[in-house]
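Below: one structure, written as structure tokens.
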Amino acid sequence: MAISRRKTLSLIGGGTILAASGAATGFALSRRPGTALRPWEMAGSYSDPRKRALSYAILAPNPHNRQPWLVDLPGGDTVIVYRDHAKNLPHTDPFERQLTIGMGCFLEQLEIAASRDGYRVETTLFPEGEAGPVAVLRFQKGGVPDGLFEQIPSRRSTKEAYEDRPVGADALRALAPFARIIHDLPLVKTLRRLTKEALAVEMLTPRTMGESIDLMRFGKAEIERNPDGIAISGAFLEGLMLAGMLNRESMADPDNQVAQSGMEMLLDKLEATPAYAVISTSGNGREDQIAAGRRWLRLNLTATAHGLSLHPVSQALQEYPEMAAHYQRAHKLLAKPGETVQMLGRLGYGPKAGRTPRWPLEARMRNG
Ligand SMILES: Cc1cc2nc3c(=O)[nH]c(=O)nc-3n(C[C@H](O)[C@H](O)[C@H](O)COP(=O)(O)O)c2cc1C
């Protein structure tokens, strides 16, 4: 069905009005994927301290919400953490760099949660090399509670337009230990353009767009069945799905008006960015990537504590041939020679974002 861009945008704008009416509000509420969001409510409700910490760790940010972690709980004080290679993203993350960063976020969030219960976690990374577990963790008494714990339930990756106002000086100071914060306008403008161009490359390259489309969950039923990937939900979008205007086929067709409008809306959001956060490392081994993930998680929680939103925009950092020119440009702009930019994110004051789905802890335990 061909509809003009203006028509689609007015439809999308109309969704807000529609949602204000009683019937539509009821419909919107009935579309909430309650089971997929339950792990956020379950966090902390386990008696085994390892499970209690893990129930927070599974709420960590991770690429395409793949939740690639798998855990074993041998004995009384040990957690073995694996990365589930079935969750790989071969087109957009061919070297599994971003997935490894996600594992770093998971480990950091786990340690923060354990500390709240007075546990110190002794972590051995890659004890059998890259082919084996990512980490073996031993829970020991003597942990000092980490204040960032309080931010875990509110942390988000906020993928919306941000307000046109600068990041406060206090926040800049608090974030400085974790990332380079860029807020000078010429470089911000350059990065807006770069991130938008890189997103367009990803969306217009059939195999990389295809990887995202495969992971899209269209509407409540699909999200509840597979509480990972890219959740597309809400009364208005589900209305478009019911009308047959939003589905895998329409998203895969670069000439489709709904897909084009969707991409333009994403690009407009990326434009609305007052600052960026950048994490680079001098090496690019697995341990460097884990360390980058740990820093990103602390950055995200610290930003939350300051009322700030953060949104990774990773496209220009991805290692596939169609992206090579943008990758080089990102590194020329943001890194010293030899460094790898591990994370690039938008930073600013955004709207309150909703929780994203998670598999329950039990589904990510090997012996659960
Ligand atoms: C290494 C890494 C790369 C990511 N890259 C992107 C990205 O390019 N675009 C995006 O919208 N989100 C990106 N994200 C955010 C994830 O989509 C997000 O963490 C996941 O959907 C869970 O949502 P939450 O962080 O709000 O809990 C990335 C996250 C990580 C850890």
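The figures follow:
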{"item": "Value of [θ]222 nm, deg cm²/dmol, for the chain, DSSP H segments ≥ 4, -39500 (n - 2.57) each, nearest 500", "result": "-14000 deg cm²/dmol"}
{"item": "Least to most buried among 93, 146 (fewest other Cβ within 10 Å first)", "result": "146, 93"}
{"item": "Counted charge near residue 271, where neighbours are those whose Cβ lies closer than 11 Å (Asp, Glu -1; Lys, Arg +1)", "result": "+3"}
{"item": "Proximal charge balance of residue 202 [Cβ under 12 Å; K/R count +1, D/E count -1]", "result": "-2"}
{"item": "Neighbour-count order for 261, 45, fewest beta carbons within 10 angstrom listed first", "result": "45, 261"}
{"item": "Relative contact order for the stretch 156-246, counting Cα pairs under 8 Å that sit 6 or more residues apart, in percent", "result": "14"}
{"item": "Sorted by Cβ density within 10 Å, fewest first, the residues 306, 91", "result": "306, 91"}
{"item": "Gaussian network model of the chain, springs between alpha carbon atoms under 10 Å - residue of 328, 257, 289 with greatest fluctuation", "result": "328"}
{"item": "Built amide H within the under 5 Å cut-off of residue 216, gap 5+", "result": "230"}
{"item": "Set of lysines near residue 352 by C-alpha distance (under 16 Å), chain-local residues within fewer than 8 positions excluded", "result": "159, 269"}
{"item": "Separation of alpha-carbon centers, the stretch 101-178 and the stretch 326-368, rounded to whole Å", "result": "13"}
{"item": "Folded to 0 to 90 degrees: helix 257-271 orientation relative to the chain principal axis, Cα", "result": "60"}
{"item": "Net charge over other residues, Cβ less than 12 angstrom from the Cβ of residue 233 (K, R count +1; D, E count -1)", "result": "+2"}
{"item": "At 1.567 mPa s and 4 °C, Stokes diffusion of the chain via Kirkwood alpha-carbon radius, µm² per second", "result": "60"}
{"item": "Between helix 324-334 and the chain: long-axis angle, C-alpha atoms, 0 to 90°, nearest 10", "result": "60"}
{"item": "The chain: relative contact order in percent, alpha carbon pairs under 8 Å with at least 6 residues between", "result": "26"}
{"item": "Degrees between helix 286-305 axis and first principal axis of the chain (Cα, 0 to 90, nearest 10)", "result": "70"}
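Since every read-out is calculated from the coordinates, none of them should be taken as a lab result. Quick caveat, the model's predicted, so the values are computed rather than measured. Counting neighbours? That spans all protein chains shown, and the Cβs are built from the backbone with ideal geometry, glycine included.
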